[in-house]
Amino acid sequence: QVQLVESGGGLVQAGDSLKLSCAASGRTLSSYAMGWFRQAPGKEREFVAGIKSTGTSTYYADSVKGRFTISRDNAKNTVYLQMSSLKPGDTAIYYCAAALSDRSSWSVGVMDYWGKGTLVTVSS
């Protein structure tokens, strides 16, 4: 099993940047495809960004494309989400998740492990 812990959330203003981290323990992350998801109040959890185990391919939801960047450092067992040009609509709890196999399609149901989330609040 792998345990995931997110950090880096907080309160920012619209237009600001924020970098989230997801640290893994229990197993090395290099075998896992990793994703970031988010859940806003009253809404379902949705895919934000994903990265293959080798880091060679990345995937983004249309709503964050061009503003968010997912990356990973397998040596540090950590995945990151750099968020720029934040909008109030980005306010949500952000979750890190791991999948046992690489994929090109992402959804909540295909991820195998989840962190507990970190709250990002963007004020206008």
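The values are calculated or read from the model by the stated rules, or taken from the named source; none is laboratory data. Small disclaimer: the values here were computed from a predicted structure and weren't measured. Note that we place each Cβ from the backbone using ideal geometry, even for glycine, and neighbour counts take in every protein chain shown. In case anyone asks, the SASA skips ligands and DNA or RNA and just uses the protein heavy atoms, side chains included. Shrake-Rupley method; radii C 1.70, N 1.55, O 1.52, S 1.80 Å.
Computed quantities for the displayed model
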read-out	value
Trypsin sites (Lys or Arg not before Pro) restricted to segment 7-77 and DSSP loop, no more than 11 other C-beta within 10 Å	K43, K65
Among T54, T69, T78, residue whose mean-square fluctuation peaks in a GNM of the chain (springs only between Cα atoms under 10 Å)	T54
In Hz, Karplus ³J(HN,Hα) per residue of segment 107-123 (6.51, -1.76, 1.60; θ = phi - 60°; x = Gly, Pro)	7, 4, x, 9, 8, 9, 9, 9, x, 8, x, 9, 8, 10, 10, 10, 8
GNM result for the chain, Cα springs below 10 Å: residue of A14, A98, A24 fluctuating most strongly	A14
Residue-normalised accessible area of segment 25-124, expressed per residue, 1.4 Å probe, Å²	48
The chain: C-alpha pair distances exceeding 25 Å, %	15
Segment 54-63 - phi-based ³J(HN,Hα) in whole Hz, Karplus 6.51/-1.76/1.60, Gly and Pro as x	8, x, 7, 9, 10, 9, 9, 5, 4, 5
Of all accessible heavy-atom area on the chain, the percent that carbon and sulfur account for (1.4 Å)	47
Prolate/oblate/rounded call for segment 53-95, Cα gyration tensor, a/c under 1.5 rounded	prolate
Choice from L29, L81, L18 showing the highest fluctuation, given a GNM over the chain with Cα pairs closer than 10 Å	L18
Percentage relative contact order, segment 1-93, counting C-alpha pairs under 8 Å, at least six apart	32
